Amino acid sequence: MEEANQTSFVAYFRLRGLSVNQKVQVAVFSMFLIFYVLTLIGNILIVITIIYDRRLHTPMYFFLSNLSFIDVCHSTVTVPKMLIDTWSEKKLISFDTCVTQMFFLHLFACTEIFLLTVMAYDRYVAICKPLQYMIVMNWKVCVLLAVALWTGGTIHSVALTSLTIKLPYCGPDEIDSFFCDVPQVIKLACTDTHVIEILIVSNSGLISVVCFVVLVVSYAVILVSLRQQISEGRRKALSTCAAHLTVVTLFLGHCIFIYSRPSTSLPEDKVVSVFFTAVTPLLNPIIYTLRNEDMKSALNKLTGRKDRKEEK
C-alpha cells in the first residue's frame, strides 16, 4: 500500500450523481435547470433593485444584497457541473477542479453562515434598540462586518481544503454525490482519515452549531422584545424575523446534518445536498420578496408597474 501511495495518483474522480436511470436524469436536469435559472434571475434582481432604489440603502438591505450575491455564487459552484454531467456517462471531474469546487463551496457556505448571524444581530439592534440603530449599525461598521465575514469564510475554506489536498489518493475514485465535498472526498484517501474527520467536525460542525445557537437565542430575544411593541410594528418585525429564521433553518440544517458527524454516507445525504445547493438559494429571494413590502414596492418601481398604474 505504501508503494502504491508513492507511485499512484488519482487524476480524476467519478461522480456517481443523483441517479443512473435515464428517465430520472432527464427529470433531474429539467428541474435543476429551472431552479438554477430562477435562482439567477431572482437573486440578481434583488441586488439590482437594492442598488437602484435609494430607500433600500440601509444596513439590512446591504446584507441582503450580499446574501443574494452569495446565493448566486454558491449555486453556480455545483449546479452547472451537475447539469453537464446529467448527459455524461462517466461524470468525470479532475482532481484540481474537484479541489477548486470544494474551496469555493466552503467559502460561500461559511460566509453565508456568518452573514446570517450578522443579519440576526442587525435585526436585534433594529428591533430591541431602535433609537441607537443608526449609531450602532453605521456604514463603517457594516463594511467592517462584511470584510470580517468574507475573511472568516476564506480562512475556513483554506483550512479545510489544505487538509484534503495533503492526503494521498491512489484509488478508489468514485464520489457518492453530484459534487465534490470534503467528507465524501477524504473517504477515498489511501490512509487513515480519523484525525481529519475529527478536525472537520470540530471546524465546520462547530461553526454551524454555534452560529445556529446564537441565531436562535437572538430571535428568542427579539420575539420577547416584540411583545412590548405596537401591533403594526410588531407585525412587520415578525414578518422579517420569520423570513430570516426560515432561511437559517433550511441552510444551517444541512450544515449541521452533514458536518456534525463522521464521514459516513446516509441515504438522506443527497436529498439534503439538493436543498443545500439548489433549493435554498432559490427560496431566499422568494422568502425575502414575498414577505417584504419594501422589496415588493421597489420591485414594482423598478419594473415600471407603479408608473403604469399611476398613468391609468
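The values are calculated or read from the model by the stated rules, or taken from the named source; none is laboratory data. Since the structure is predicted, the reported quantities are computational estimates derived from the model, not experimental observations. For neighbour counting, all protein chains shown are included, and Cβ atoms are generated from backbone atoms with ideal geometry for every residue, glycine included. For the accessible areas, the whole protein counts, side chains as well, though only heavy atoms, and no ligand, DNA or RNA atoms are used. Shrake-Rupley method; radii C 1.70, N 1.55, O 1.52, S 1.80 Å.
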Revision key, fill the gap. Taking the alpha-carbon centre of each part, the distance from segment 144-207 to segment 9-69 in Å is 22
Practice item. Kindly express, to the nearest 10 degrees and within the range 0 to 90, the angle between helix 206-226's C-alpha long axis and the longest C-alpha principal axis of the chain. Key: 20
Check your understanding: Longest segment of the chain with no GluC sites (Glu not before Pro) in a DSSP loop having at most 12 other Cβ atoms within 10 Å?
Key -> 90-267
Point to revise | Computed [θ] at 222 nm, helices only, for the chain once each DSSP H run of length n ≥ 4 contributes -39500 (n - 2.57) | key: -24000 deg cm²/dmol
Exercise for review: Using only Cα atoms, tell me the angle between helix 139-165 and the longest principal axis of the chain; keep it within 0 to 90° and round to the nearest 10.
Suggested key: 10
Exercise for review: For each pair in 23/90; 140/296; 270/296; 90/270, compute the distance between the two Cα atoms and list the pairs where it is over 26 Å.
Suggested key: 140/296; 270/296
**Study point:** Where segment 20-131 is the region considered: accessible area per residue in Å², 1.4 Å probe
**Key:** 45
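Taking all protein chains as present, what is the carbon and sulfur share of the accessible area of segment 17-145, in % to the nearest whole number, probe 1.4 Å? Let's see the in-between values first.
Numbers: 4410 of 6080 Å².
Within segment 17-145, the accessible surface is 73 percent carbon and sulfur.
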**Study point:** Rounded to 10°, Cα long-axis angle of helix 22-52 versus longest principal axis of the chain
**Key:** 40
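Rounded if a/c is under 1.5, else prolate if a/b is larger than b/c, else oblate: which is segment 23-174, with a ≥ b ≥ c the root eigenvalues of its Cα gyration tensor? Each step should come with its number before you reach the end.
On the way: a/c = 3.51, a/b = 1.66, b/c = 2.11.
Taking the square roots of the gyration eigenvalues as a ≥ b ≥ c, segment 23-174 is oblate.
For segment 133-204, what is the accessible area per residue in Å², given a 1.4 Å probe and the full set of protein chains? Intermediate results must be reported in sequence, preceding the final value.
Numbers: 3250 Å² over 72 residues.
Dividing the accessible area of segment 133-204 by its residue count gives 45 Å².
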Study note, to complete from the structure: The ³J(HN,Hα) series, computed from each phi in segment 89-96 with the Karplus coefficients 6.51, -1.76 and 1.60 at θ = phi - 60°, rounded to the nearest Hz and given as x for glycine or proline, is 7, 7, 6, 8, 9, 5, 4, 5
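Treat every Asp and Glu Cβ in segment 1-96 as -1 and every Lys and Arg Cβ as +1, leave all other atoms uncharged, and give the resulting dipole magnitude about the Cα centre to the nearest 20 debye.
On the way: 8 positive and 7 negative charges, 78 e Å.
Around 380 debye, computed over segment 1-96.
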Exercise for review: Scan [x] 18.7; [y] 16.5; [z] 13.6 for the value of mean projected area of the Cα convex hull in nm² calculated from this model and give just the label.
Suggested key: [x]
